[in-house]
Amino acid sequence: MIQLTPPLDLAALAIFRTVAAEGSVTRAAERLQRVQSNVTTRVQQLEADVGAPLFLREGKRMALTTEGQTLLGYADRLLALADEARQALRPGVPAGRLRLGSMESTAASRLPAPLARLHRQYPGVALELSTAPTQELVERLRAHALDAVLVAWPPGLPPDPALETLPAFTEELLLVLPARHPLAGHPDDVQPGTLAVFKPGCTYRRMAQDWFAARSQPMQPLELVSYHAILANVAGGGCAGVVPRSVLRLSPQARHLAVQPLATIDTLLAWRQGYRSAALDALRDMLAAA
């Protein structure tokens, strides 16, 4: 007699993903507004369904097993496809979850106004915004962990055939130097020997390092996690940096810096080839009007 394997329960996968994200049944239950016993039972049922332990239980802490890590990737894709299917059956009605990834600079300087308009006009859209460097955002988009991203595509890198893109903003990148630093027509004219940057995967970092490649003495990278930290270190006199003009306009450090144009680059809205949703269409309209 053939025994059929029961299909994976999407609700159980959503609970599993929340526990994985929170690292705790207690916090997952609070986020999901469920009782802890229900969350624990659903995870145990899912483990029985897949025939493998999904978590290592270390006191109250829940860490994914190797099998759990594998299932998490599939859960992200299955739940994203389910959301996409729901939205495809409601064409023209912007609603449901939209997971948007953005570079930090774009989130800080470009998105507040269009996202506020999106919320006012389409309150049924549940927007989830996360920030990361371009390379990480594109990887998460390909893995179905995000629905759309705002990224600076690296110059010279061919388009990704798996993605569709649309220009959203044009950024002017500025070389920022300590106050009263003379004009730097060549990388050797830059007096600090340290370049304040984000971690690898940031397109602006790559463009800055490409420009400094002609310098006789290599620039030493100082990896920081925010533009506030980058600009503060440049203002302190020990570093150079590269930031979009739109970000510099927001910073109180601007008056303590010498600046000069370096390059321009488009910020692209990107999504997976074939992905469609009314929520994404609404976001595109808001960005076009920005």
For region 208-213, just list the computed ³J(HN,Hα) in residue order, Karplus coefficients 6.51, -1.76 and 1.60, θ = phi - 60°, integers in Hz, with x standing in for Gly and Pro. 5, 5, 4, 5, 7, 4
Would you be so kind as to identify which of Gly68, Gly96, Leu174 lies farthest towards the positive end of the dipole of region 67-192, taking Lys and Arg as +1 and Asp and Glu as -1 on Cβ and the Cα centre as origin? Gly96
What residues have an amide H closer than 5 Å to that of Thr131, excluding those fewer than 5 places away on the same chain, when H is modeled at 1.01 Å from N in the peptide plane? Ser102
For His119, His256, write out the residues from largest to smallest accessible area, computed with a 1.4 angstrom probe and no ligands counted. His119, His256
Length gain on complete extension for the stretch Arg276 to Val93, per 0.36 nm per residue less the alpha carbon to alpha carbon distance? 64.7 nm
Report the Cα centroid-to-centroid distance between region 25-86 and region 185-201 in angstrom, as an integer. 44 Å
Pick from Asp160, Asp49, Asp83: which is most flexible by mean-square fluctuation in a GNM of the chain where alpha carbon atoms under 10 Å apart are linked? Asp49
Counting only residues 5 or more places away or on other chains, whose amide H sits under 5 Å from the amide H of Thr194 once H atoms are built in the peptide plane? Gln220, Ala240
Quick note, region 103-143: a/c under 1.5 would make it rounded; otherwise a/b > b/c is prolate and the rest oblate (a ≥ b ≥ c, C-alpha gyration tensor); here it is oblate
Using only the alpha-carbon atoms, how far is helix 66-88 inclined from the longest principal axis of the chain? Give it as 0 to 90 degrees, nearest 10. 90 degrees
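Taking a ≥ b ≥ c as the square roots of the Cα gyration tensor eigenvalues, with a/c under 1.5 meaning rounded and otherwise prolate when a/b beats b/c, else oblate, which class fits region 95-174?
Oblate, because a/c is 1.5 or more while a/b does not exceed b/c.
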0 to 90° range, to nearest 10: angle between helix 36-50 axis and the chain longest Cα axis: 80 degrees
How far is helix 278-288 tilted off the main Cα axis of the chain, in degrees rounded to 10, range 0 to 90? 10 degrees
Can you give the extra length, in nm with one decimal, that the chain gains between Glu172 and Thr65 once fully stretched, where that is 0.36 nm per residue apart less the Cα-Cα distance? 34.0 nm
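Rounded to the nearest percent, how much of the accessible area of region 69-175 (1.4 Å probe, protein heavy atoms only) is carbon and sulfur? Don't skip to the answer; put the middle values down first.
Working: 2960 of 5020 Å².
Taking all protein chains in place, region 69-175 shows 59 percent carbon and sulfur surface.
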Rounded to the nearest 0.05, what FRET efficiency do Arg86 and Ala263 have when you use their Cβ-Cβ distance and R0 = 41 Å? 0.50
Enumerate the amide H contacts of Leu175 below 5 Å, restricted to partners 5 or more residues apart or on another chain; note that Pro and chain-start residues carry no placed amide H. Gln260, Leu262
When only Cα pairs under 8 Å and 6 or more residues apart are kept, what is the percent relative contact order across the chain? 22 percent
Between region 135-172 and region 239-290, what is the separation of their alpha carbon centroids in Å? 13 Å
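The values are calculated or read from the model by the stated rules, or taken from the named source; none is laboratory data. Treat the numbers as computed from the prediction; the structure is a model and nothing was measured. Here Cβ is always computed from backbone atoms with ideal geometry, including for glycine, and neighbour counts include all displayed protein chains. When the accessible area is computed, the model is the full protein with side chains, heavy atoms only, and any ligands, DNA or RNA have been set aside. Shrake-Rupley method; radii C 1.70, N 1.55, O 1.52, S 1.80 Å.
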